[in-house]
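For reference, the structure is listed below as structure tokens.
The values are calculated or read from the model by the stated rules, or taken from the named source; none is laboratory data. None of the values given here were measured: they were computed from a predicted structure. Counting neighbours? That spans all protein chains shown, and the Cβs are built from the backbone with ideal geometry, glycine included.
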Amino acid sequence: MSDEADLEARLRLIEPGWRFVNERALAQAHRFLRDRGERVPPSLRLPLVLDTTNAEACSCFPQSVLAEAQSQLVLITFPNDRGLRYQSRSQQLAHYWRVLYALRLPTVNMRKVWQSIPPVLQREAEAVLAASGLISADASQAELANAFAVDLLTTARFASETLEYRYPGFEHWPEWRARFCDGFDEATVFHSTRPDGAVEPQPSSLPSAPMPTSTVVSARDA
């Protein structure tokens, strides 16, 4: 088994629909979906969640990606496309742990909490998300709320010492984090998405990985 196949196999134990795809194929899928009027993630670094019908319709993924496909596929670029080529296996797993964690975060209360944030702080958050490639220029309020909540929670878990610099206006970010976590057990999400062999978060040595919840395109939307 190749290194990439072994890595994918470990990640599929957490998310059965996980598939590595090359960046060119992912870009082709983005173009195909946009041409059909679908919403896609604003960056190729973000996972694209597709049902199998739409993944096949893209006509750009090899049969190995579609084989034994679940009802939902999580398509994401290979480690080499993400600056992880010279990282150890445990560090690569930690990087993708962040992706898995973000994908499993529920959207409970996210828009409600976002609407309670003062407008000046909303503008700060929107600027950071846009500069990081986490939202598109025409992002809806729901997309803004989701992207900010996921970025805040993910950064708090995997790189908490950077939050005061990333969002300087949110001086009391633990309070906002607690509000976004109200209604679900965040600790369970964190521990249940950890791949076997992943090192504990070491943000100073891992490449950043923006992780909003990805666009899901289903057959009924086609």
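Things worth noting here:
- Single residue of segment 49-79 satisfying the filter (acidic (Asp, Glu) and not in a strand (DSSP E or B)) that is surrounded by the most Cβ atoms within 10 Å (Cβ to Cβ): GLU56
- Any chance ARG82 is more than 21 Å from ASP151 (Cα to Cα), surrounded by 14 or more Cβ atoms within 10 Å (Cβ to Cβ) and in contact (Cβ under 8 Å) with a residue 40 or more places away in the chain: no
- Being modelled with pLDDT of 95 or more and among the aliphatic types (A, V, I, L, M) is a property that holds for ALA130.
- Qualifying residue in segment 34-48 (condition: in a strand (DSSP E or B) and out of contact with any helix residue (DSSP H, G or I) (no Cβ under 6 Å at 6 or more places or on another chain)): yes
- Test: residue in segment 130-143 that is part of a helix (DSSP H, G or I) and buried (at least 21 other Cβ atoms within 10 Å of the Cβ): no
- From ARG104, ARG82, ARG89, ARG98, residue being over 15 Å from the mean Cα position of the chain (by Cα) and of a type in the set (Lys, Arg): ARG89
- Count of residues meeting criterion [of a type in the set (A, V, I, L, M, F, W, C) and not in a helix (DSSP H, G or I)] in segment 80-99: 1
- When residues of segment 7-32 are limited to those that are assigned to a helix (DSSP H, G or I) and in contact with a Phe, Trp or Tyr (Cβ under 7 Å, 6 or more places away or on another chain), the one surrounded by the most Cβ atoms within 10 Å (Cβ to Cβ): LEU11
- Within the set ARG111, ARG98, ARG104, the sole residue that is in contact with a helix residue (DSSP H, G or I) (Cβ under 8 Å, 6 or more places away or on another chain), of a type outside the set (Gly, Ala, Ser), surrounded by fewer than 22 Cβ atoms within 10 Å (Cβ to Cβ) and closer than 28 Å to GLU200 by Cα turns out to be ARG104.
- Summed over segment 100-129, the residues that are of a type in the set (Ser, Thr, Tyr) and in a helix (DSSP H, G or I) give a count of 1.
- Counted residues, segment 179-204 - those being part of a helix (DSSP H, G or I) and either crowded, with 17+ Cβ neighbours inside 10 Å or more than 20 Å from the chain's Cα centre (by Cα) (or both): 6
- One residue stands out among those in segment 53-65 that are touching a helix residue (DSSP H, G or I) at 6+ places or on another chain (Cβ under 7 Å) and not small (Gly, Ala, Ser): the one that is nearest to TYR96 (Cα to Cα), which is PHE61.
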